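Taken together, the values in this text are just the output of simple stated rules run on the coordinates, not laboratory data. All values reported here derive from a predicted model rather than from experimental measurement. Methodologically, a virtual Cβ is constructed for each residue, glycine included, from the backbone with ideal geometry; neighbour enumeration extends over all protein chains shown.
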Amino acid sequence: MEVKALDEDYQTRMAGFEADCADGKGDGYSCQSAGEFFAVVKTDHERAARIFQRNCDEGNYGSSCFSMARFHITGKGAEQDDAKAFAYFEKACKHGHAPGCYHAGLLKRSGVGTAPNLPSAMKDFTVACQDPGNIPEACYEMATQFLKARDAVAEPKKGGWLPGWLGGGGGDKPIERDPVKALKLLERGCERGHGPSCFNAAVMYKKGDTGVAPDPEKFARYKAETQRLVKVHGSVGQGVRGT
């Protein structure tokens, strides 16, 4: 009886949040909570989408922008539209939601919903990788690009996207193969529990690479961490955190 009363009270509260959001009176967190309630608990995705869209477009709430982007990617609650999904991921990133930056970067890298733009994708990955985002998959994406052999791709001239700890400082730097930077990113990703980052760091310390000397001790350390994460998660790979 108490559980039923609590459930009814919670639903009433969520409906109240929804009404406040529609009137422009709700705070961002409450509106996001109401949207998640209708999306997850009630599986009323269209209703949730209306809340998320208003909270993003009018409230500039990054999490709601991200939720709208996911709806447009999947076609659940909104029309399937990669371009609109990309636009909402960009909005989420602009309003400080690190997973939005990561996903915007993925779409730019792949040319989905927007023109391919690797330098801009790397900028998004940087925001998601460093504090306070700390999304290890974003660090891994950057490392992957620094390990690829390619012709140099110019970074936008205005400003710079590499953080100081990675040897940044602005300017017109190219994206060239750079195993040293890649290794720093892999180590950062591994520190945050990302199995593929640990695995690739182990490979680099075993074989060595340009600017990276083989190091049996560090190879053993990253190999052990990879094995530990496999036991915990059942595989090397992991999903994106914070999504």
In nm, the gap between the two label points placed 7 Å beyond Cα toward Cβ at Arg221 and Asp81 is 5.0
FRET efficiency (Thr43, Arg192; Cβ distance; R0 35 Å; to 0.05) is 0.60
Extension length gain for Asp57 and Val232 (0.36 nm per residue less Cα distance), in nm, is 59.0 nm
By Cβ neighbour count within 10 Å, fewest first, Phe17, Phe71, Phe52 rank Phe17, Phe71, Phe52
If each K or R counts +1 and each D or E counts -1, the residues other than Asn117 whose Cβ falls under 9 Å of its Cβ total +2
Checked against a 32 Å limit on the C-alpha separation, the offending pairs among Lys76/Lys231; Lys76/Lys148; Lys91/Lys231; Lys76/Lys108; Lys76/Lys223 are Lys76/Lys231; Lys76/Lys148; Lys91/Lys231; Lys76/Lys223
With 0.36 nm assigned to each residue of separation and the Cα-Cα distance removed, Ala19 to Arg177 gains 51.6 nm
